Each structure stands twice: as C-alpha cells, then as structure tokens.
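Values quoted throughout were computed directly from the atomic coordinates according to the rules given, and no laboratory measurement underlies them. Bear in mind that the values here come from a model prediction, so they are computed numbers and not experimental data. Quick reminder, even Gly has a Cβ in these numbers, built from the backbone with ideal geometry, and neighbours come from all protein chains shown.
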C-alpha cells in the first residue's frame with residue numbers, strides 16, 4: 001500500500017495539469033489573435049491571412065485527421081447528440097460558403113476561389129485522414145454505395161468536360177493542363193490506390209514462400225499453400241528454432257527432436 005500511494009496523487013494531478021496546459025494555450029492563442037489582427041503585430045503574419053479561407057488551409061488537415069477516422073470507423077456507434085451536432089456544424093458551414101459567394105462576404109475569402117481550388121483544399125486531407133481505414137470499409141460496401149459512387153464519378157467527369165468546353169469560369173478548370181491534374185490527383189489518389197499497392201505486391205511476391213521453403217516454418221506456424229502443395233503426404237518439415245513459449249513447451253511432450261509432420265494439410269507432431 002505504501003508503494004502505491006504516491007502514484008495515486010500523481011494520477012489525479014495529470015488531468016489537472018493537462019487542463020491547465022489547455023487553458024494556457026487558449027489564452028496565448030487569444031492574445032496572439034488580438035495582437036496580430038488588432039495590434040498589427042507583423043511578426044505573427046495574421047494580418048496577411050485574415051480570411052476564413054486562409055484558416056481552412058491551415059486547419060483543415062489536422063481537423064480531418066482528428067475527426068474523420070472516428071466518423072469512418074465508429075460513426076454508427078456515436079452518440080446521437082454528437083452526430084446531430086456535427087450535422088448542424090456542416091450545414092452552418094455550407095450556408096457560410098454559399099453566402100460567402102452570394103453576398104459576398106469579404107472576410108470569408110471565398111470569392112475568387114473556384115471548384116479547382118476546393119478540390120485542392122479538400123482532397124488531400126480527406127485521403128490522408130481516411131486511407132488506413134479503406135480496407136475495413138470494403139465489407140460494408142453495398143450495391144447502393146457502388147451506384148452512388150458511379151453516378152458521382154460520372155457527374156464529375158461531365159463537369160470537368162463542360163468546364164473546359166463551355167468554359168465555366170467557376171470550375172477553374174480552364175487553363176489547367178495534364179501536369180496540373182497529375183499534381184492534384186497523383187499524390188492523394190494514384191499513389192495510395194494504385195502505385196503503392198502494386199509496388200508492395202511486386203516487392204513481396206513469393207517472399208514468405210521462399211523464406212519458409214528455405215528455413216522452415218516457425219513452431220506453431222502453418223506452411224503456406226505453395227509450400228505444402230509441393231510436399232508429398234507424410235513429408236516431414238523441420239521446425240525452425242523460435243523463442244520458447246508456454247504453448248510450445250507443451251507441444252509434442254517437449255521432445256527436442258520434434259518436427260512438423262504434414263499429412264493431408266494438417267500439422268502433426270512426430271519424433
């Protein structure tokens with residue numbers, strides 16, 4: 001009891017210290033904002049970035065990284081109030097964007113920014129924040145999702161074509177070359193979806209099969225189908241030494257001469 005008692009006050013102080021640090025950070029940010037915008041402190045650079053668009057360019061990536069993974073993985077289990085709050089926030093933001101173009105509100109900085117600019121703003125943060133969970137979403141994809149994705153892609157392609165042919169200035173596509181499209185799409189989409197998986201598959205092709213064919217499987221590890229298929233029924237595959245574990249000590253009665261006996265795809269202990 002005496003050894004654990006000092007840890008209890010420390011564990012209680014940790015949340016208090018975090019709360020104090022957060023309060024200090026918020027106060028410092030408020031002081032910097034007031035000094036940068038009202039006091040015109042040139043060293044802050046805030047006076048040169050005084051629109052909502054500038055702040056979106058700064059904060060959208062960390063906000064996406066902090067929120068989108070939770071939404072993607074646990075959206076079904078989120079509290080209803082949280083989902084309603086996020087939905088209201090998105091609606092308010094959409095209204096601000098719309099009014100920022102129609103009014104126009106100078107402080108938003110939206111005027112002059114085209115669809116091309118919005119794609120460049122949103123695409124990369126969205127991909128970076130969600131790409132590691134795409135494989136988990138595949139089993140949940142239904143025919144409805146495929147239809148929606150197909151229709152959306154078709155509309156986007158049509159919009160791009162009309163944006164060049166018409167041309168529609170609000171799209172911002174006119175003047176952008178193939179090089180610009182590669183810069184916009186290659187890093188967020190082509191690399192994670194096409195290039196990196198293809199490169200990893202090419203590099204890792206046959207590595208595990210060759211390793212197990214030369215060294216043998218570790219204790220408790222089944223040989224891959226490519227290796228097991230080459231072994232005749234009754235073949236013996238020597239076990240590669242591995243770190244002892246509780247499970248391995250009980251296998252095959254602890255016989256040091258134990259080997260892996262493969263028969264009909266099953267692993268058996270054999271002296």
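What to note about this one:
- Residue-normalised convex hull volume from the C-alpha trace of segment 36-113: 123 Å³ per residue.
- Of interest is the spacing of the C-alpha centroids, which for segment 105-145 and segment 28-89 amounts to 16 Å.
- Cα shape, segment 1-148, gyration tensor, a/c 1.5 rule: oblate
- In segment 62-197, the C-alpha radius of gyration followed by the widest Cα-Cα span (Dmax) gives 17.2, 47 angstrom.
- Full extension of the chain between residue 191 and residue 59 yields a length gain of 45.1 nm, computed as 0.36 nm times the residue separation minus the alpha carbon distance.
- Efficiency of FRET between residue 144 and residue 182 - r from beta-carbon atoms, R0 30 angstrom, step 0.05: 0.40
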